[in-house]
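Beneath this line is the structure, given in structure tokens, with notes to follow.
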Amino acid sequence: ASVFSAIAQAPEDSILGVTVAFNKDPSPVKVNLGVGAYRTEEGKPLVLNVVRKAEQLLVNDPSRVKEYLPITGLADFNNLSARLIFGAGSLAIQENRVATVQCLSGTGSLRVGSEFLARNYHEKVIYIPQPTWGNHPKVFTISGLVVKYYRYYDPGTRGLNFHGLLEDLSSAPQGAIVLLHACAHNPTGVDPTLEQWEQIRQLMRSKGLLPFFDSAYQGFASGSLDADAQSVRLFVADGGECLAAQSYAKNMGLYGERVGALSIVCKSSDVAVRVESQLKLVIRPMYSNPPIHGASIVATILKNSEMYHEWTIELKAMADRIISMRKQLFDALLQRGTPGDWSHIIKQIGMFTFTGLNSDQVTFMAKEFHIYMTADGRISMAGLSSRTIPHLADAIHAAVT
Ligand code: PMP
């Protein structure tokens with residue numbers, strides 16, 4: 001018998017498992033709205049033109065070798081990533097108070113940041129929104145933090161439970177870590193307004209709560225890289241500490257390249273130096289050093305003003321297509337007279353719509369219409385096209401009537 005014969009079958013991941021079920025479905029009309037990956041109007045994955053260009057430049061540069069990067073990754077990439085999220089004129093960057101390390105996309109950045117905190121920060125409790133991206137509680141728990149939730153979403157209004165959020169953060173212990181989605185909250189698509197962010201900032205600073213921003217959608221929500229970073233910049237502008245995990249999966253379409261960054265904003269440059277030294281101790285035994293290709297693509301684009309500009313245009317086109325899918329789906333439901341208020345589809349922000357469909361309705365839509373989404377009723381707007389929207393609207397209509 002195998003020494004592994006007693007091993008239990010683990011459940012599929014709640015998000016990636018949707019794709020597993022989708023792949024098994026032979027129907028020609030099937031639609032996968034589970035995983036958050038951008039698709040063109042033709043339903044195809046998209047490699048940005050500017051990414052192709054950067055790759056050409058890299059391939060044709062004979063000076064490029066495949067040596068190991070330092071533990072902290074590509075220095076140019078780190079500097080440019082910090083500028084991208086904190087703003088080119090950020091005082092924290094000018095004062096060398098930011099420690100940035102290249103990590104394995106957003107997930108890896110969260111993982112390294114939370115293990116750093118578990119080892120080096122006095123408070124182990126991290127508050128995360130209810131609901132949140134399904135991987136958050138797993139990443140933070142395995143890093144050694146203790147996960148608690150703060151109220152975030154109000155199913156009644158399909159909007160922000162701002163009162164509950166403030167109440168829960170008010171009663172968090174002094175110094176607790178708070179995970180904040182920088183923009184385009186996943187799965188709800190509901191973000192605080194700028195005024196609400198300011199109130200959250202004041203409350204958190206008055207209680208010494210430590211902000212940990214997850215920025216997986218910068219530029220992807222509104223189409224503007226600066227607008228989508230406002231929440232983070234508000235916190236950095238007050239001179240206090242914060243962490244930020246960045247991902248280039250969505251905004252540069254570099255999903256499988258696994259390229260992201262973790263920045264820790266400190267109050268002085270000597271602290272930032274020590275923080276970086278500790279980050280290296282976290283990274284070295286985990287994966288030694290990060291991969292070179294994706295970070296080189298990003299650095300090539302970010303440091304060339306022409307390519308940067310081209311990127312912003314392609315990025316805005318993706319954001320605009322998603323916004324137009326919201327409008328088309330909303331109109332299709334209106335047209336069908338589908339019962340209920342569907343205005344949240346056009347109010348919500350970013351890649352996902354939190355439809356409000358329950359798990360029975362989700363199961364029904366997969367079985368009868370071959371439309372796949374996560375059990376919480378979240379659909380990826382980026383996976384839709386003008387061609388698939390009527391089919392989805394028919395399915396939602398049938399599910400709720
Ligand atoms: N945070 C959130 C909120 C996300 O939605 C995602 C992607 N689904 C990530 C982090 C990380 O993704 P990746 O590791 O692919 O950058």
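One table, with the values for the structure above:
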{"read-out": "Pairs beyond 18 Å (Cα-Cα), from Lys138/Lys347; Lys250/Lys280; Lys250/Lys316; Lys267/Lys303", "value": "Lys138/Lys347; Lys250/Lys280; Lys267/Lys303"}
{"read-out": "Taking all pairs of distinct alpha-carbon atoms in the stretch 1-155, Kirkwood radius in angstrom", "value": "20.4"}
{"read-out": "Cα gyration tensor shape of the stretch 251-366, rounded if a/c is under 1.5, else prolate or oblate by comparing a/b with b/c", "value": "prolate"}
{"read-out": "Relative counts (whole %) of C-alpha pair distances in the stretch 204-279, using bins that are 10 Å wide", "value": "17, 43, 32, 8"}
{"read-out": "Set of aspartates and glutamates near Lys53 by C-alpha distance (under 15 Å), chain-local residues within fewer than 8 positions excluded", "value": "Asp61, Glu306, Glu310, Glu314"}
{"read-out": "The chain: DSSP helices with Cα axial extent of at least 20 Å and average Kyte-Doolittle hydropathy no lower than -1.0", "value": "105-120, 269-287, 305-336"}
{"read-out": "Coordinate range along principal axes, alpha carbons of the stretch 299-372, Å, largest first", "value": "50, 24, 16"}
{"read-out": "Viscosity 0.890 mPa s, temperature 25 °C, Stokes-Einstein D of the chain from Kirkwood C-alpha radius, µm²/s", "value": "111"}
{"read-out": "Proximal lysines to Lys367, defined as alpha-carbon separation beneath 20 angstrom and excluding residues fewer than eight positions away on the same chain", "value": "Lys24, Lys30"}
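Bear in mind these aren't lab numbers, they're just calculated from the coordinates by the rules spelled out. All values derive from a computational prediction rather than experimental measurement.
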